[in-house]
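Report on one structure; see the data block that follows.
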Amino acid sequence: MTERVLNQKELAAFVGVSRMTLHRWELGGHLPTPVFMHGKNRFWTEQQAEQLKQMVFNKSSVLRRVTKS
């Protein structure tokens, strides 16, 4: 069975942040490596999305500190 993948818009909605925030995290090297890139489109697995969501809500997370800077 193939795992579902999320594009940037879907990932942002799943995690509860804006697409711009995801873009900043990606530039800072804080996002998991996309599983597939097609042109400018990037995709992440549901597992990667769940891990990212957990990181966002962990108060000691690097991602929290990045968004407050």
Any chance you could look up the accessible area of T45 with a 1.4 Å probe, heavy atoms only, rounded to 10 Å²? 20
How much FRET efficiency would the formula 1/(1 + (r/R0)^6) give for N58 and H30, where r is the Cβ-Cβ distance and R0 is 22 Å, rounded to 0.05? 0.95
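When the solvent-accessible surface of protein heavy atoms is calculated with a 1.4 angstrom probe, in what order do L52, L31 fall, highest first?
Numbers: L52 5, L31 25 Å².
Descending order: L31, L52.
The values are calculated or read from the model by the stated rules, or taken from the named source; none is laboratory data. Being a predicted model, the structure only gives us computed values, none of them experimental. Cβ coordinates were reconstructed from backbone atoms using ideal geometry, including for glycine residues, and neighbour counts include every protein chain displayed. Quick note on the areas: whole protein, heavy atoms, side chains included, nothing else; ligands and nucleic acids left out. Shrake-Rupley method; radii C 1.70, N 1.55, O 1.52, S 1.80 Å.
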